[in-house]
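Working notes for the structure below.
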Amino acid sequence: MLKILIEKELKAIILSPKFSATFSVCAILIVLSVFIGLRDYQAAVAQYETATTLSNQEMREQTSWMSLNTRAYREPDPMQIFVAGVQNDVGRLSSINAFSQIKLENSNYSDEPIFAVFRFIDLTFIVQIVLSLFAILFTYDAINGEREGGTLQLTFANAVPRVQYILAKFIGSWLGLVLPLLIPLLIGLLLLLLFRVPMTGDHWAKLFTLIGASFLYFTFFIALGLLVSALTKRSTTSFMFLLVAWVTLVLIVPRAGVMLAGQITPVPTVAEIDGQREGYAKERWKQHMDALTERWEERNAGLQNLTAEEREAFRDDHSWDWMKEDEEERKLVQRDISEYDRKLNEDLRNRKATQERLGFLLSRFSPASSYQLAAMHLAGTDISIKPEYEDAMRDYRDKFISYREQKQKEEGGGMAGGFRIEFNSDTGMKISGDRDSGAIDVTDVPVFEAPQYRFAAGLLPAMPDFGLLTLYTLLAFAAGFVAFLRYDVR
Amino acid sequence: METTSTNEAVTNHAVNSPSQSRAMLAADNLTKRYEDGVLALDHVTFEVNQGHIYAMLGGNGAGKTTTINLFLNFIEPTEGEARINGIVTHKEPLRAKEKIAFVSENVMLYPNFTALQNLDFFARLGGQTGYSKDDYREVLLRVGLQEEAHNKRLKGFSKGMRQKCGIAIAILKDAPAILLDEPTSGLDPKAGFEFIRLLESLRDEGKAILMSTHDIFRARDIADTIGIMNQGRIVMQSQKSDIAGEDLEKLYMKYMAGYMEQVN
Ligand SMILES: Nc1ncnc2c1ncn2[C@@H]1O[C@H](COP(=O)(O)OP(=O)(O)O)[C@@H](O)[C@H]1O
Ligand SMILES: [Mg+2]
């Protein structure tokens, strides 16, 4: 009986005009999206390689350790083809030097805002928006449409158990939506192989889990469509209702959750943080200058009773210590400021994290958010890439600076930060550091190691969302089941 | 006219009192009060034996469809029960439904399926998995659907063509009982006539047939037993042999009018 019903369901779907429409739209969208994502990825790889080569080149051409600095780049990942996440919005590089903070800059969308206007449509978007709509289109009249068509009566004039009927509806609609999805997905996977995208085992695992999550996601909408169809007598009513539910779940709740969290737990803006940092720095430098002045006065006071020659001698004896002392003080100030900055950043990050947690918690009342969050976690394109990359870059910066300082000490010797200013009528002014001529040898310069996004590491934070999606789906299905058992077939 | 005489008439013309054993279809004090309080069926009792046609005759709102829906367990009785081959429909609906075929007032099938595909689905749903395409064609020809329509989608079918498919589906199920709700309403006279002949041949095969109609002449034509229904009651029931055509018409008008008088 179940087989007969499922067969009929599939046949009815395949023969209906909405099937051919869905199939062609899905096929075109998915193949196109994978193709464009793939080309974007390849372009990003090419850009990344050129940029890192150039940056290394620049480093090799440096003539002094003092002025040695570099840039660290975010590495493109094949998963961005399917889940763009925030990767187009987060900056691609940060400069690595002693004077500036680590900050990811130059995002794709800030470099080429035209692409931000018509954002890249990735597989996640297609599933989240388009497929969920199709799922509704497939199921909004699954039950009440048959009632209106009179076929429900004729069906239940036979010895058909209701449980089997609703199961067949569910399975039939599911298969009717999955089958048109599989073909373009397979073509997409073939494209990956064809274009030799460097997919590791981890990448394949992520990709297939992502596809699993996508199926789970639209399964929810199939269950929801059946539920509403089994709760209403007319298909026009269920269609309206489902459309409202779709807009609420897919468009409103995710945004409202984040917005509400912003209201509940406000986070200071970047400008506010900058202001605070500058205020502190100014205050601290002022303190330092005051202390310095005081120290000089003290030192001078000690010289008061001496003759000019004695003074000169005393100065010669002590100037080195004084300078050292002042330098220590200056360093202390700098340390204080960066310590304060670190604290500010940490505080900001904590508050942001709290806000994000709350925002995501609220938005997770929608399966669309759960799906998106799960997909981004899996792909490693969730918002944590920014802090994670910045942390990695900060570590790298520390390594890089200590490497540079050590080299400076080894090769330059003497006083730290010593440099010479030359005036030359031909070349103009020339500032040179420890070495006068020739490039420095940077073969053993530390290399930036990008954070690794392993499958397991992405799966773990995605688990709660998988759980939620399963829960939502089961709830919708169970409710639809119960509703249909009481459905009036007339 | 008073209530008592109505009841008298019923008893006068009634078939033997309901016996649970022999009747294929039996309504036993069948009563239905809808959620909104309408008493659509009021202690209706009758039975239909194998090889018999029972016609429920009555105007709109008399309770004919309600009766049939109770046999199909589309709704639950407020009181009493409907039995099919002794099986109480609201207690064992699945077992009961194995024994009945149903043709509705307006047969609706899957518009994107061809006639043959529709037949195949509903035949298998009715538990008949052994048919071949030729069997379906044969039945379609028997009910009068021309060859060239067999492979056409139901979309373009007229009501008459759909009714024919509906009766074909009922025939294919080969159930001992057939329920028809105003099956000839909306059919042209020729199609209506053919339909009646078809029902007669089914009766001769031994089916128990319960049909509702508001067409007094058609009822007189084929029914073995006629039950005149009004306001949820069988106000008169008679064997075909008991009354001549004119009488039935008179009786119908009389009971209808009398009943209306009494109500008003
Ligand atoms: N679903 C329903 N809810 C409430 N009242 C109904 C419903 N279906 C039918 N009725 C009422 O029950 C009575 C009998 O209706 P029905 O059995 O359809 O009559 P018939 O088929 O003889 O025209 C009518 O008064 C009708 O209005
Ligand atoms: Mg009716």
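Would you mind giving the average projected area, over all directions, of the Cα convex hull of region A:239-339 in nm² with one decimal?
Average projection, Cα convex hull of region A:239-339: 9.6 nm².
Could you derive backbone 3J(HN,Hα) for region A:49-64 from the dihedral phi with the Karplus parameters 6.51, -1.76 and 1.60 (θ = phi - 60°), listing whole Hz in sequence and x where the residue is Gly or Pro?
For region A:49-64, the Karplus-derived couplings read 5, 4, 5, 5, 4, 4, 5, 5, 4, 4, 5, 5, 7, 5, 10, 9 Hz, x marking Gly and Pro.
Inverting the mean 1/r over all pairs of different Cα atoms, compute the Kirkwood radius of region A:141-294 and quote it in Å.
The answer is 21.5 Å.
When the convex hull of the Cα atoms of region A:271-313 is projected onto a plane and the area is averaged over all directions, what value comes out in nm²?
Here the figure is 3.5 nm², rounded to one decimal.
Taking the Kirkwood radius as the inverse of the mean 1/r across Cα pairs, report the Rg/Rh of region A:179-261.
1.14
Sorted by accessible area with a 1.4 angstrom probe, largest first, how do A:Lys352, B:Lys91 fall?
Output order, biggest surface exposure first: B:Lys91, A:Lys352.
So if a site counts as exposed when it's one of the GluC sites (Glu not before Pro), its DSSP state isn't H, G, I, E or B, and it has at most 10 other Cβ atoms within 10 Å, what's the longest stretch of chain B without one?
Result, exposed sites excluded: B:36-264.
What relative contact order, as a whole-number percentage, does chain A give when Cα pairs under 8 Å and 6 or more residues apart are counted?
Over chain A, the number comes to 27 percent.
To one decimal place, what Kirkwood hydrodynamic radius in Å is obtained for region A:59-123 from all pairs of distinct Cα atoms?
13.8
Would you mind classifying chain B by shape? Square roots of the alpha carbon gyration tensor eigenvalues, ordered a ≥ b ≥ c; an a/c under 1.5 is rounded, otherwise it is prolate if a/b is larger than b/c and oblate if not.
prolate
Compute the Kirkwood hydrodynamic radius of the protein assembly as shown, taking the inverse of the mean of 1/r over all pairs of distinct Cα atoms, and give it in Å to one decimal.
Hydrodynamic radius (Kirkwood, Cα pairs) of the protein assembly as shown is 33.4 Å.
Before rounding to the nearest 500, sum -39500 (n - 2.57) across all DSSP H runs of length at least 4 in chain B and divide by the residue total; then give [θ] at 222 nm in deg cm²/dmol.
After summing the helix terms and dividing by residue count, I get -12000 deg cm²/dmol.
In whole Å, what are the extents of region A:276-412 along the principal axes defined by its C-alpha atoms, from largest to smallest?
The principal-axis extents, from largest down, are 85, 36, 12 Å.
Could you compute the longest span of chain A free of GluC sites (Glu not before Pro) located in DSSP loops and having at most 13 other Cβ atoms within 10 Å, not counting the site residues?
A:62-448
Pick out, in residue order, every one of the chymotrypsin sites (Phe, Trp or Tyr not before Pro) in region A:134-235 that is DSSP loop and has at most 14 other C-beta atoms within 10 Å; say none if there are none.
Filter output for region A:134-235: A:Phe195.
Using the C-alpha gyration tensor of region B:27-100, what are the square roots of 5 times its eigenvalues, in whole angstrom, with the largest one first?
Output for region B:27-100: semi-axes of 19, 16, 10 Å.
Under the Karplus relation 6.51 cos²θ - 1.76 cosθ + 1.60, θ = phi - 60°, what is the ordered set of whole-Hz ³J(HN,Hα) values for region B:235-240, x standing for Gly and Pro?
Listing the rounded values in order: 8, 7, 9, 8, 6, 4 Hz.
When the helices in chain A are scored as -39500 (n - 2.57) per DSSP H run of 4 or longer and the sum is shared across all residues, what 222 nm value do you end up with, to the nearest 500 deg cm²/dmol?
It comes out at -23500 deg cm²/dmol, rounded to the nearest 500.
Take the Cα atoms of region A:55-170, find their three principal axes, and give me the spread along each one in whole Å, biggest first.
For region A:55-170, the Cα extents along the three principal axes come out at 91, 27, 22 Å.
Based only on Cα atoms, what Rg/Rh ratio does region A:214-292 have, Rh being taken as Kirkwood's radius?
1.51
Of A:Lys386/A:Lys407; B:Lys99/B:Lys240; A:Lys352/A:Lys386; A:Lys233/B:Lys64; B:Lys97/B:Lys190; A:Lys8/B:Lys152, which pairs sit farther than 20 Å apart, going by alpha carbon to alpha carbon?
A:Lys386/A:Lys407; B:Lys99/B:Lys240; A:Lys233/B:Lys64; B:Lys97/B:Lys190, as the Cα separations exceed 20 Å there.
Mind putting a number on the dipole of region B:109-173 about its Cα centre? Charges go on the C-beta only, +1 for Lys and Arg and -1 for Asp and Glu, and I need it in Debye to the nearest 20.
Roughly 280 debye for region B:109-173.
Specify whether the C-alpha gyration tensor of region B:131-210 places it in the rounded, prolate or oblate class, a ≥ b ≥ c being the square roots of the eigenvalues: rounded for a/c under 1.5, otherwise prolate if a/b is larger than b/c and oblate if not.
Judged from the Cα gyration tensor, region B:131-210 comes out oblate (a/c at least 1.5, b/c at or above a/b).
Roughly speaking, what is the stretch gain from A:Ala301 to A:Ala478, that is 0.36 nm per residue apart minus the C-alpha to C-alpha distance, in nm to one decimal?
54.8 nm
Over region A:1-101, one equal point on each Cα, no solvent: what is log10 I(q)/I(0) by the Debye formula at q = 0.15, 0.19 Å⁻¹?
-0.79, -0.98
Using the Cα atoms of region B:109-173, I'd like the radius of gyration and the largest Cα-Cα distance, Dmax, both in angstrom.
According to the Cα coordinates of region B:109-173, Rg and Dmax are 10.3, 29 Å.
Can you check how the C-alpha radius of gyration of region A:241-283 compares to 2.2 N^0.38 Å, as a plain ratio?
2.01
The values are calculated or read from the model by the stated rules, or taken from the named source; none is laboratory data. In this text, all values refer to a predicted model and were calculated from it rather than measured experimentally. Using ideal geometry, Cβ is built from the backbone for each residue, glycine included, and neighbour counts are taken over all protein chains shown. The accessibility values were calculated without ligands, DNA or RNA, using every heavy atom of the protein model including side chains. Shrake-Rupley method; radii C 1.70, N 1.55, O 1.52, S 1.80 Å.
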